[in-house]
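The values are calculated or read from the model by the stated rules, or taken from the named source; none is laboratory data. Since the model is a prediction, treat every value here as computed from it, not as a measurement. Neighbour counts run over all protein chains shown; Cβ positions are idealised from the backbone, glycine included. These accessible areas exclude ligands, DNA and RNA; they are computed on the full protein's heavy atoms, side chains included. Shrake-Rupley method; radii C 1.70, N 1.55, O 1.52, S 1.80 Å.
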Amino acid sequence: MDYFGLMPEDCLSEILSFTSPEDTARLSTSSRGFNSAAQSDVVWEKFLPSDYQNIISKSKSLLASPSMKQLYFSLCDSPILTDGGKMSFSLDKKTGKKCFMVSARELVISWSDTPHYWAWSSHPDSRFSEVANLRFVCWLDMRGKIETRLLSKRTNYVVYLVFKLKSGYYGLETANTFVRFVDRESDNEAEERASVVSLSRQEGPGENRSKGRDDEWMEIEMGKFFNDAGEDGDVEARLMEVRRLSAKGGLIVQGIEFRPV
């Protein structure tokens, strides 16, 4: 007998709102009562970030979502552009935690304002209006940052460079990466613990190789951090290859993603 089906729906909705999106989906298949309650706006608004309305207000994306559940999954499946297209925002489907990608235009890239070295163009697979195309450099250095107050609190994050490699790319086998809290650690201190990563799948340690994404891009892990109360100021991720001053080219950068785990 489905005893939960005998309980008032608002009581079941309240119970589900204290679980997680993943648990709600699982429980909804176990009981008709939970299945009905799992459609409630009360449940899904609780899973949305407390500041979701403020974030959406900064976007020009049209969100035609008649229910909170549909809004939740829309933000999971279709990132929206915010802050004038400088960043994208989405949700982790299992947890509802915030995910941001900082566009290539907002990164600090050495020589990016010199057309001989870098070119800016649109790309059919990019969520942003422009991507950075590496033509030729010997000194590869880029960094991006985000305010910790924007991220989900008490959450572990992994930072990724999101990119593509053109056919015939060269000099991009390995690079050093690190993530640091800007107010806590200097560049030099962070460099001492930098990880070696491989931008191509063929080179480097297996755990630090680039991987394909569902959106047709590639990603490489730059580092991890724990966002406690969102009071640590800016967190910055940096990728650099400045020791082997050989020619490098064929890299397309979409942005740097701060993703919860």
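In segment 38-50, which residues are open to solvent by 50 Å² or more (accessible area, probe 1.4 Å) and either part of a loop (DSSP other than H, G, I, E, B) or among the hydrophobic types (A, V, I, L, M, F, W, C) (or both)?
Listed by number, the residues that qualify are Gln39, Val42, Ser50.
Would you be able to tell me the number of residues in segment 100-125 that are part of a loop (DSSP other than H, G, I, E, B) and either buried (at least 22 other Cβ atoms within 10 Å of the Cβ) or of a type in the set (Val, Ile, Thr) (or both)?
Number of matching residues: 1.
Out of Ser88, Ser126, Ser103, I need the residue that is of a type in the set (S, T, N, Q) and within 28 Å of Phe18 (Cα to Cα). Which one?
After ruling out the rest, the residue left standing is Ser88.
Is it fair to say Glu221 is assigned to a strand (DSSP E or B), of a type outside the set (Ser, Thr, Tyr), open to solvent by 40 Å² or more (accessible area, probe 1.4 Å) and in contact (Cβ under 8 Å) with a residue 40 or more places away in the chain?
Against the criterion (assigned to a strand (DSSP E or B), of a type outside the set (Ser, Thr, Tyr), open to solvent by 40 Å² or more (accessible area, probe 1.4 Å) and in contact (Cβ under 8 Å) with a residue 40 or more places away in the chain), Glu221 qualifies.
If Asp234 passes every condition in (1) farther than 18 Å from Val102 by Cα; (2) charged (D, E, K, R); (3) touching a Ser or Thr at 6+ places or on another chain (Cβ under 9 Å); (4) touching a residue at least 60 places away in the same chain (Cβ under 8 Å) but one, which one does it miss?
(1)
So in segment 69-85, with the set limited to residues that are farther than 27 Å from Phe163 by Cβ and surrounded by 19 or more Cβ atoms within 10 Å (Cβ to Cβ), which one is farthest from the chain's Cα centre (by Cα)?
Lys69
Residues to consider are Ser88, Ser59; find the one that is at pLDDT below 95, open to solvent by less than 50 Å² (accessible area, probe 1.4 Å) and touching a strand residue (DSSP E or B) at 6+ places or on another chain (Cβ under 8 Å).
Ser59
Please identify the pairs in which a residue from segment 101-121 that is touching a residue at least 24 places away in the same chain (Cβ under 8 Å) and under 15 Å from Val162 (Cα atoms) has its Cβ atom under 6 Å from the Cβ atom of a residue that is part of a loop (DSSP other than H, G, I, E, B) and open to solvent by less than 20 Å² (accessible area, probe 1.4 Å), counting only partners at least 6 apart or on another chain.
Ser103/Phe128
At least 1 residues that are at pLDDT 95 or above and either open to solvent by 60 Å² or more (accessible area, probe 1.4 Å) or of a type in the set (Ser, Thr, Tyr) (or both) in each: list the strands (runs of 3 or more DSSP E) lying fully within segment 129-179 that qualify.
140-147, 155-170
Of all residues in segment 126-151, how many are farther than 20 Å from Phe178 by Cβ and among the acidic types (Asp, Glu)?
Residues meeting the conditions: 1.
In segment 62-85, what residues are of a type in the set (A, V, I, L, M) and touching a strand residue (DSSP E or B) at 6+ places or on another chain (Cβ under 9 Å)?
Within segment 62-85, Leu63, Leu75, Ile80, Leu81 meet the criteria.
Only one of Met218, Met240 is of a type outside the set (S, T, N, Q) and either out of contact with any strand residue (DSSP E or B) (no Cβ under 9 Å at 6 or more places or on another chain) or closer than 24 Å to Leu81 by Cα (or both). Can you tell me which?
The unique qualifying residue is Met218.
If a residue has to be within 23 Å of Ile109 (Cβ to Cβ) and buried (at least 19 other Cβ atoms within 10 Å of the Cβ) to count, how many in segment 224-238 make the cut?
The total comes to 5.
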